[in-house]
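See below for the structure under consideration.
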Amino acid sequence: MTQLLPSPPLSAAAHVKALLASYPDFPQPGILFRDLNPVFADAAAFRALVDELADQHRGQFDAVAGIEARGFLLAAAVGYAANAAVLAVRKGGKLPGTVLTEEYDLEYGSARLELEVGQLPTGTRVLILDDVLATGGTIAATTRLIERAGYTLTGVGVVLELTDLNGRERLGTAPVHAIMSV
Ligand code: AMP
């Protein structure tokens, strides 16, 4: 009798490839919007993403900084999986108290990001997480916030990198891990 072997689990990249949705001309003409919500909505895919992001930088971070809003989903899960602190990097005007602010350009438009000061000790090793690396402006601004707050950036993790936009060139020397590049 032939016995069927269980199929090996899909890699995180294979999950993203299978589930990623693309919307031309959203939110404005000329932008090909990459929607990762179908990947987050699949339990096995989401677990694979979180495991890979945590494993790639394992032992190298004490805190994860998630960028509003989809970066929050990743940061909460990776922080839990890696027993790390979680920092919320928010869009402008949403945080109370003493905040650091950085203005930056987006693939479409411009924006402002903020971080509350004094949440963690100086020198805390931080991993930045977001869904998509496009022009790199968002992660470059977050890097400046992390450094101005006195923390040490030790890595960047994204689910998807849009290589045509050369976002990596705007980032510093910390290792950048993309689960998938298109
Ligand atoms: P950027 O600053 O250009 O690297 O843009 C990164 C941020 O904007 C990420 O938080 C993404 O969520 C979003 N973003 C930029 N371009 C796209 C795109 N083509 N599809 C989906 N999200 C995008």
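Scanning the stretch 72-91 finds one or more residues that are modelled with pLDDT of 95 or more, under 21 Å from THR138 (Cα atoms) and of a type in the set (D, E, K, R). Note on the stretch 21-72: residues that are touching a residue at least 60 places away in the same chain (Cβ under 8 Å), closer than 21 Å to PRO175 by Cα, open to solvent by 20 Å² or more (accessible area, probe 1.4 Å) and out of contact with any Gly (no Cβ under 8 Å at 6 or more places or on another chain) total 3. Residue count for the stretch 94-107 under the criterion of being within 21 Å of ALA76 (Cα to Cα) and open to solvent by 60 Å² or more (accessible area, probe 1.4 Å): the result is 2.
Taken as a whole, the structure leaves GLY30 outside the set of residues that are closer than 30 Å to TYR151 by Cβ and over 14 Å from the mean Cα position of the chain (by Cα).
Residues are listed down the side, and each one gets a yes or a no for (1) closer than 30 Å to PRO24 by Cβ; (2) in contact with a strand residue (DSSP E or B) (Cβ under 6 Å, 6 or more places away or on another chain); (3) open to solvent by less than 60 Å² (accessible area, probe 1.4 Å):
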residue: GLY92; (1), (2), (3): yes, yes, yes
residue: GLY109; (1), (2), (3): yes, no, yes
residue: LEU113; (1), (2), (3): yes, yes, yes
residue: GLY136; (1), (2), (3): yes, no, yes
residue: ASP164; (1), (2), (3): yes, no, no
residue: THR173; (1), (2), (3): no, no, no
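Can you name the residue in the stretch 124-134 that is more than 13 Å from the ligand (Cβ to nearest atom) and in a strand (DSSP E or B) and, of all such residues, is most open to solvent (accessible area, probe 1.4 Å)? This residue is ARG125.
Looking at the stretch 136-175, which of its residues are more than 10 Å from the ligand (Cβ to nearest atom) and assigned to a strand (DSSP E or B)? Residues satisfying the conditions are THR152, LEU153, THR154, GLY155, VAL156, GLY157.
The values are calculated or read from the model by the stated rules, or taken from the named source; none is laboratory data. The shown structure was predicted, so the numbers you read here are calculated from the model rather than taken from an experiment. Note: ideal-geometry Cβ built from the backbone for every residue, glycine included; neighbour counts use all protein chains shown. Only protein heavy atoms, including side chains, enter the accessible area calculation; ligands, DNA and RNA are left aside. Shrake-Rupley method; radii C 1.70, N 1.55, O 1.52, S 1.80 Å.
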